[in-house]
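This report concerns only the one structure given below.
The values are calculated or read from the model by the stated rules, or taken from the named source; none is laboratory data. Please read all numbers here as calculations on a predicted model, not as lab measurements. Here the Cβ positions follow ideal geometry from the backbone for every residue, glycine too, while neighbour counts run over all protein chains shown.
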Amino acid sequence: MDSIKLPPSDSDAEEAVIGSLLIDGESINSLRDLAADDFYYEPNRWLFLAALSLKEKGVSINQVTLARELSEQDRLEACGGAARLSYLVSICPTSLDIGHYAGIVHRLSLYRQLIAAGDLIASIGYDGKSDIGESLERADSLILSLRQNVGGTHIITPRQRMDRAMDRYILLHEKEAGVAISTGIKDLDKKLGGGLYSGEVTILAGRTSMGKTAMLQCIANNVSLSMPVLFCSGEMSIDSLIDRDMAGLAGMSVDDIRLGGYDEETFTQILAKIPEMEQNQVYHMESGRGFYLTTSSIYQLGYELKIRQGLGLIVVDYLGLMADTKGQNENERLGHITRKLKQIAKELEVPLLVAHQLNRSLEARQDKRPQLYDLRESGHIEEDADDVLFIYRENYYNKDTTNNATEILIAKHRQDGSKAGKKVPLHWDAKAQTYRGMAKEEVING
């Protein structure tokens, strides 16, 4: 006798979703595709419905509020009582993987829907009385409905495109400063069409010690005055980055800051500037102790910051130091990383600003201004990046000149190819390891 096949389901995944919500109620905002009907087990469905009810009421989701909501619905005991809520928290140590668990629940729900659609199509076939064209249309309708639930059609109709355009241009009209995120460098914003855009990846490349990290910090500090920034560095420690920020704030050299043994006047000056650091909403990734700079760790921290504090920009320093290992060689590995970074930018709806190295071979040329082919392992990087910027400074190569003029060269601008080849002049302060604009009124927050 054949055993009865049960519909596809995963009680552990369903419980992990509920447990995650009890740990971090705000994570419900990330569950855009999950519906109560996706839960196979009725008590879990009731728990999720209660959580949705709390969300609609604007009430925080936790053990106490969810128990109260279930009690008011006369379903608390049917769901296992308050003890089961505690159990769900105990088996789910973190809420960071809620998207993964929700994906399992949703996928298995779609399989159950597919089985149900198959049963209905079979019944249409057994009927044998309707017109065959009408029967096929009914069967097609069932499959199309299922595809729409899974997002499988991936088609935007002309009407949907029109509605989307209407929403977009109303938003652009109402936002005086536009929707781009300003780098704080006026000429660069102008040449990039307003600044950095959500869902796009910008590569900032230069030779070793050209000042890439300092430029990343300048832009991050500027953006952080109005929105949170996640700064992920595999290049420098948090203390080294703090020293650079302090040098810019105090108007001192980085070496003087790092040396220590301050006189009282210097120490007082430093202490007075420390509170200003909190004005910059820069959140740093602390790597090490088993937590490394990878696309997964960037997504994990970016997602967590976005739902807790909001997120305006992710900065990565730098591409070559990321620890992802997928690929047969360095070119494939970096290609995998840039594609994942692009996905992260789209998923989290933020711009990504990523530093990268240049090939040493350019130093053999007479004109050392970088070209796209100078990007180290350039193929996939050039293809995946929306914008590619180069930092160039003449006195990097000519030690006899004291001219600290720096150029940001725009090598690629996907939205307007005519901007390629344009340059933005800046002044490099080598002692403070920061930049300032050439216009008198322009101050770059270093």
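Tabulated values for the structure
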item	result
Subset of segment 59-78 (residues that are among the acidic types (Asp, Glu) and within 17 Å of ILE28 (Cβ to Cβ))	GLU69
Near pairs, Cβ below 6 angstrom, 6+ apart or cross-chain, from segment 1-13 (more than 15 Å from ALA102 (Cα to Cα)) to any residue that is modelled with pLDDT of 70 or more	PRO7/ARG112
Qualifying residue in segment 321-337 (condition: under 23 Å from ALA180 (Cβ atoms), assigned by TED's automatic domain parsing to the domain that holds TYR283 and either exposed (fewer than 14 other Cβ atoms within 10 Å of the Cβ) or not charged (D, E, K, R) (or both))	no
For GLY193: the one exception among (1) out of contact with any strand residue (DSSP E or B) (no Cβ under 7 Å at 6 or more places or on another chain); (2) in a helix (DSSP H, G or I); (3) assigned by TED's automatic domain parsing to the domain that holds PRO275; (4) closer than 29 Å to GLU383 by Cβ	(2)
Segment 374-388 - residue that is touching a Gly at 6+ places or on another chain (Cβ under 9 Å) and surrounded by fewer than 17 Cβ atoms within 10 Å (Cβ to Cβ) and, of those, nearest to THR183 (Cα to Cα)	GLU383
Matching helices (runs of 4 or more DSSP H) fully within segment 1-115 where at least 3 residues are more than 23 Å from GLU304 (Cβ to Cβ) and assigned by TED's automatic domain parsing to the domain that holds LEU142	42-57, 63-72, 81-90
Among (1) within 27 Å of the chain's Cα centre (by Cα); (2) surrounded by 14 or more Cβ atoms within 10 Å (Cβ to Cβ) - the single one ARG84 does not satisfy	(1)
Matching residues in segment 314-348 - criterion: being over 12 Å from GLY199 (Cα atoms) and of a type in the set (Gly, Ala, Ser)	GLY320, ALA323, GLY327, GLY335
Pick from segment 361-373, criterion free of Cβ contacts under 8 Å to residues at least 40 places away in the same chain and of a type in the set (D, E, K, R), ranking: surrounded by the fewest Cβ atoms within 10 Å (Cβ to Cβ)	ASP367
Strands (runs of 3 or more DSSP E) within segment 342-429 that include 1 or more residues more than 17 Å from ILE219 (Cβ to Cβ) and of a type in the set (A, V, I, L, M, F, W, C)	405-413
Contacts under 6 angstrom Cβ, first residue in segment 245-259 being assigned by TED's automatic domain parsing to the domain that holds GLN269 and assigned to a loop (DSSP other than H, G, I, E, B), partner of a type outside the set (Phe, Trp, Tyr) and surrounded by fewer than 16 Cβ atoms within 10 Å (Cβ to Cβ), 6 or more apart	SER253/LYS431
Residues being free of Cβ contacts under 8 Å to residues at least 24 places away in the same chain and not charged (D, E, K, R) - total across segment 66-87	8
